[in-house]
Every structure is written in C-alpha cells, then in structure tokens.
1. Sort out for me the strands (runs of 3 or more DSSP E) sitting completely within the stretch 15-102 that have 2 or more residues that are closer than 30 Å to Ala317 by Cα.
2. Can you list residue pairs whose Cβ atoms sit under 6 Å apart, with the first residue in the stretch 105-134 being under 23 Å from Ile372 (Cβ atoms) and the second being surrounded by fewer than 24 Cβ atoms within 10 Å (Cβ to Cβ) and charged (D, E, K, R)? Count only pairs 6 or more apart in sequence or on different chains.
3. In the stretch 116-152, how many residues are near ligand 1 (Cβ under 7 Å from one of its atoms), of a type in the set (A, V, I, L, M), open to solvent by 10 Å² or more (accessible area, probe 1.4 Å) and not in a loop (DSSP other than H, G, I, E, B)?
4. Could you check how many residues of the stretch 300-328 are closer than 12 Å to Leu29 by Cβ and touching an Asp or Glu at 6+ places or on another chain (Cβ under 8 Å)?
5. Check Gly328, Gly301, Gly377, Gly335 and return the single one that is part of a helix (DSSP H, G or I), open to solvent by less than 40 Å² (accessible area, probe 1.4 Å) and either of a type in the set (Gly, Ala, Ser) or farther than 30 Å from Ser228 by Cα (or both).
6. Tell me which residues, restricted to the stretch 67-95, are crowded, with 19+ Cβ neighbours inside 10 Å and within 26 Å of the chain's Cα centre (by Cα).
7. Being crowded, with 17+ Cβ neighbours inside 10 Å, over 18 Å from the mean Cα position of the chain (by Cα) and more than 16 Å from ligand 1 (Cβ to nearest atom), is that true of even one residue in the stretch 160-182?
8. List pairs: first residue in the stretch 234-257 and closer than 14 Å to Tyr268 by Cβ, second residue open to solvent by 80 Å² or more (accessible area, probe 1.4 Å) and of a type in the set (Phe, Trp, Tyr) anywhere in the structure, Cβ distance under 6 angstrom, at least six positions apart or on different chains.
Amino acid sequence: MLIENVRKKFIKLFKEEPLLVRSPGRVNLIGEHTDYNLGFVLPAAIDNAIYYAISPRNDNNCKLYSVDLDEDFNFEVDDLKYSEKRWPNYLMGVVDQLNKTGIRISGFNCVFGGDIPLGAGLSSSAAIGAGLAFSLNHIFNLGIDKLSLVKLAQKSENEFAGVNCGIMDQFVNIFGAEGRVLKIDCRSFEYEYHPLANDELRIVLCNTMVTHSLADSEYNRRRAQCESGVQTLQQYNPEIKSLRDVPLEHLFSHKSNLDETIFRRCKYVIEENERVTNACSDLEKKDFDSFGQRMYESHRGLRDEYEVSCPELDFMAEEALYSDEVIGARMMGGGFGGCTINLVYESNVKKFKSFIEKAYKKKYNKKPPVYICRIEGGTQIIS
Ligand code: ADP
Ligand code: MG
C-alpha cells in the first residue's frame, strides 16, 4: 500500500505518528481551453493520488522527503529560494503564499509520494500544492476556507513554480467528490456536482507519450486570438467581456468582421461552453451515449477549429471510437501531446486496453501507458 509506505518512511525518519492526507489527481471530461475564456469546465478527482504524512515542528525548519524520487530537501519558513530540483518549489510556493498573506506557521516534517504519473496531464503538481495547503491548514489550525485554499494553491504554482495554470486543477483537487463530476464556472467560481457513478463506468487515459514543443507558444497564441475576438465583438456590444458572454448567433452575425482564423477559434470556445452545460444534462438523464458524442465533438473542435491536437492524439481518439468498447473519447489538456480521455463501461475496460495498446504499438512502435481511473473524493484526511 502506497500510504503505508509513506507512513512507515515518516516514522523511520521522524520517530512520531503523522497526520495522513490523500490528495488526488484529476481528469477533465469536457470543457477544454474554456477556463481562460472564463467559461465552464467539467473535471473530476480520481483514485490516483499523492499521500502526505506530515506533522508540525517547534522550530522554523521544514524537512521534506519525496518517496518517489528518493530525495530530501530542507528549508526554513522565512528563507525561501527557488530550487533547481524543481519539485520542492511546488511545496515552498505554498509556504511563500502563507507568508505573503501574513499567516505565520512554524516548520514541519513531511513525507509524500503516490501514483499520479508525473507530467502526464493528471495534475500531479496541483495534487502536491493543494495537498500541502490542505495539510498545513489542518495541522496549524489556520481556519482557511476551501475556496481560499484553492486560490492560495493556484497562486503558489503561478508565482513560485512559475507555471501559468488556471484554477481548475486546484479547485477539483479540493472540491472533488466520489462518483461525481464538478462543473465549475471559471468566472464566478460557482460550482455544481453531477453524477458519473463508479459502479458501471471507468475513465481510461491513454498516454501518447509525446509532447510537441509547440505547446507553450501555441497556447499563448490561442489566448491572444480569443482576446482579439472579444475586442472585435465588444465594439458591437460593450457588455461582452469574454467569449463566455457571446451567443453563437452574435458570433455568426459578425462573421464578416472577424478574421477567418479568429472566427473559428471563437466558434470552438462558444460551442465548447455549450457542450459542457449540455453534457451535465446528459449525466442527469444518464444518457451516456449523448455524453460520449459530445466528447467526440469536443475532440473534433479541438482538432479542426481550435487546432491544438496532433497526429498521435487524433489516432488515439479515432481508434477508440472505431472500437465498440468506448462511449466517448477526446484529447485532454492543452494539446500537442499528453493523454486522451475515454469513457468506458467497466465490463469493456480490459478489452479496450489491449485493443488500444496493440493499435498504438502497430502505428508508432511503442506501448502507451494506459491508466484506468475511478472518480474519488477531493483532498481529505485519512484516519
Ligand atoms: P502534471 O501536473 O500534469 O503531472 P507538471 O509538469 O505540472 O505535470 O508537474 C509535474 C512535476 O511535479 C514534476 O516534474 C515534479 O517536480 C512534481 N511532482 C509531481 N509528482 C511528484 C511526486 N510524486 N514526487 C515528487 N515530485 C512530484
Ligand atoms: Mg501540472
């Protein structure tokens, strides 16, 4: 057991019984590139997780140990410096945010490790940051509410680790619930739950194992293109502050005022927001076929209109749909690599896994890692 490993290591190093906390990875079922357009996303926390063993100290020292990397790192609460080791920054960033907010804590002992694949798009980084924020809030009795923890963890990744991430990952890490997806309004931070029960369905992630170097520059370019679309559309309706505010008819009626590429980018985002809302109605009706159809429409939009897919992702998603085992499939995350997300009946999971492994191996001559996930709760204390 992962958690037992983490606990034993902690006791060996620090000779006391720690608090144990589980902090999950996440998937996003639908709603891609909608977060920075202040629209909707539909993530869920999964069973892959980081486990924390942690306890407060009486001095200013913070002693960290990463089980997975077999590395330790020490720092003092009031002396934080960016580390070339990279991983400590996700943790120091949290302490940095507490300092900036004027919340004083003493040092702590901390051992952590888990089974979220690193850098695969399941947000291991947010699991680390938000998991530590949650743990420190508990052991030091800081009384920080959940939404403030989310914002603090997001800012810590932005400012200390230097990653320009949105709020989705930390949000679902803290607010996730077993057997339910979370619809988040990325403007108001209102949220609602919809059922996607674990008894019959699994979420299967297929890792293309590629990361095309375009990812960062194209991401920034998409953001700029959406902003440019908003600026043009605003001239005809000053109420428009983001693509979130644009009805599809409004976009079409100003098609001739927009550059052809900008038009397609905006169309994708507006339709994707609608898909998220409609996908939630599908879940309430248990209409998984319709839900799966929307996942594929999302993929098509990302491929043809938003143009952030790549041949490997297209292959993975299309193969999945040719097989009879999959309800819906699409690329997940920013694009240009990473995983596809597939919704699969539990009874079909084994067959699908071996099908997709074979197909990918035949085409690209490498066996892709496949992760089979259930929807679990957000970060919580394990007694
Ligand atoms: P993602 O969040 O998609 O998994 P990122 O690149 O944002 O990918 O974050 C991955 C980084 O987070 C790793 O390079 C490492 O620094 C840190 N990290 C993630 N999981 C662990 C872990 N189990 N132990 C130590 N560091 C980790
Ligand atoms: Mg990350």
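The values are calculated or read from the model by the stated rules, or taken from the named source; none is laboratory data. Predicted model only: the values in this text are computed from it and were never measured. We place every Cβ from the backbone using ideal geometry, glycine too, and count neighbours over all the protein chains shown. Quick note on the areas: whole protein, heavy atoms, side chains included, nothing else; ligands and nucleic acids left out. Shrake-Rupley method; radii C 1.70, N 1.55, O 1.52, S 1.80 Å.
1. 19-28, 43-56
2. Qualifying pairs under 6 Å: Gly113/Asp68.
3. So the count comes out to 1.
4. 1
5. On inspection, the qualifying residue turns out to be Gly301.
6. Val67, Trp87, Pro88, Asn89, Tyr90, Leu91, Met92, Gly93, Val94, Val95
7. Within the stretch 160-182, none of the residues are crowded, with 17+ Cβ neighbours inside 10 Å, over 18 Å from the mean Cα position of the chain (by Cα) and more than 16 Å from ligand 1 (Cβ to nearest atom).
8. none
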